[in-house]
1. Sort through LYS104, LYS94 and tell me the only one that's at pLDDT 90 or above, in a helix (DSSP H, G or I) and not aliphatic (A, V, I, L, M).
2. How do the pairs read when you match residues in segment 109-120 that are under 12 Å from CYS54 (Cβ atoms) and among the aromatic types (Phe, Trp, Tyr) with residues anywhere that are assigned to a loop (DSSP other than H, G, I, E, B) and modelled with pLDDT of 90 or more, using Cβ under 7 Å and keeping only pairs 6 or more apart or on different chains?
3. Looking only at segment 92-113, count how many residues are surrounded by 20 or more Cβ atoms within 10 Å (Cβ to Cβ) and among the hydrophobic types (A, V, I, L, M, F, W, C).
4. If I filter segment 113-124 for residues that are at pLDDT below 90 and closer than 22 Å to VAL63 by Cα, do I get at least one hit?
5. Could you check, for segment 70-80, whether at least one of its residues is open to solvent by less than 40 Å² (accessible area, probe 1.4 Å) and in a helix (DSSP H, G or I)?
6. Taking segment 50-69, which residues are assigned to a strand (DSSP E or B) and in contact with a strand residue (DSSP E or B) (Cβ under 7 Å, 6 or more places away or on another chain)?
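The values are calculated or read from the model by the stated rules, or taken from the named source; none is laboratory data. Worth saying up front: this structure is predicted, and the values here are computed from it rather than measured. Glycine also receives a Cβ, built like all others from the backbone with ideal geometry; neighbour counts cover every protein chain displayed. Accessible surface areas use protein heavy atoms only, side chains included; no ligands, DNA or RNA. Shrake-Rupley method; radii C 1.70, N 1.55, O 1.52, S 1.80 Å.
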Amino acid sequence: MSKKGTDDEESVVVSVQTRKAKRDPPRKRNPCPRIRCVGGRIYDPKNGKTCHQCRQKTTDFMVACRQPRKKGLCPIHFCHKCLSNRYGEDAKDKAKEAGWTCPKCRGICNCSLCRKKKGETPTGILAHAAKALGHSSVHDLLIKRSEMVAAAQTLSSFPKKIKKV
């Protein structure tokens, strides 16, 4: 009798699994598990280039700095989203320029690492706040209204949704 009881339990488990498998479509496995696509951007740890600003390793269009250094050219790249949102520059136009220098080489980089090295506070996510205040980029906001940066940083630190009591 105990033998029959275990067979019944196994059949119940199998039938539950088959019902669940019929209900849910099979999940497609990524042939390259480390490569992922999110929002049209392909994140690739091996073949991607790292953006200096957002530090994301993607295969997106990036602009390389052409400033000469001691050992060749500057190794820094900027993705098109960071160049437009943070500095108000068009990446495709800058890629065509023969002597384009990156914001870091020009001394105007507003990434968290460069701002900390200068002894300044990091800006955080100010792209939306800069656009809302009517500025073309975060760099434009930093130049024109440094007092607004502190206000925008406090606004961005608040929670997105406010719970009603």
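1. Details: LYS94 fails: at pLDDT 90 or above.
Result: LYS104 is the single residue among LYS104, LYS94 that is at pLDDT 90 or above, in a helix (DSSP H, G or I) and not aliphatic (A, V, I, L, M).
2. none
3. Final tally of qualifying residues: 3.
4. For segment 113-124, residues at pLDDT below 90 and closer than 22 Å to VAL63 by Cα: present.
5. The answer is no, given that none of the residues of segment 70-80 is open to solvent by less than 40 Å² (accessible area, probe 1.4 Å) and in a helix (DSSP H, G or I).
6. THR50, CYS51, LYS57, THR58, MET62, VAL63, ALA64, listed by residue number.
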